[in-house]
Amino acid sequence: MAVATITTKLFDITPPAAKSVQRKPLPAGQPREWYETHNRRLKAMRLAIALLDSGVYHPANANNRRIRSTAALIGIHPPSDTTCRMVRALIRYGR
């Protein structure tokens, strides 16, 4: 009887409500290239996560066309060739 109570309690646990992440402004005084690289990395991470969620687990399956169509699906501007290379690198090194 005690075992049944424990197992039902395990399944009755509800996750806490999702909190939105508070964005902080980027630090001032950095060179322009720093901001461009920072935003490019963020975009590449968003795209890599979206591709992994859609089932693309190997960088060879993530060609520029697929990456750009995924960007259109999630509502961000089409990435450059450099960003596409970063997405493939993130998928490769995340394995």
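In table form, for the structure just shown:
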| quantity | calculated |
| --- | --- |
| Inter-residue pairs, beta-carbon under 6 Å, first modelled with pLDDT under 95 and assigned to a helix (DSSP H, G or I) and in region 65-87, second exposed (fewer than 13 other Cβ atoms within 10 Å of the Cβ) and among the hydrophobic types (A, V, I, L, M, F, W, C), 6+ apart | none |
| Boolean, Arg92 is open to solvent by 70 Å² or more (accessible area, probe 1.4 Å), in contact with a helix residue (DSSP H, G or I) (Cβ under 6 Å, 6 or more places away or on another chain) and at pLDDT below 95 | yes |
| Given (1) at pLDDT below 85; (2) part of a loop (DSSP other than H, G, I, E, B), index of the condition Thr8 fails | (2) |
| Residue within region 35-52 that is open to solvent by less than 70 Å² (accessible area, probe 1.4 Å), under 16 Å from Tyr93 (Cβ atoms), not small (Gly, Ala, Ser) and not in a helix (DSSP H, G or I) present | no |
| Filter result (under 14 Å from the mean Cα position of the chain (by Cα), open to solvent by 30 Å² or more (accessible area, probe 1.4 Å) and of a type outside the set (Ser, Thr, Tyr)) within region 53-88 | Asp53, Gly55, Leu73, Ile74, Gly75, Ile76, Met86, Arg88 |
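The values are calculated or read from the model by the stated rules, or taken from the named source; none is laboratory data. Keep in mind it's a predicted model, so treat the numbers as computed, not measured. Counting neighbours? That spans all protein chains shown, and the Cβs are built from the backbone with ideal geometry, glycine included. The protein model used for the area step is the full one, side chains on, heavy atoms only, and it has no ligands, DNA or RNA in it. Shrake-Rupley method; radii C 1.70, N 1.55, O 1.52, S 1.80 Å.
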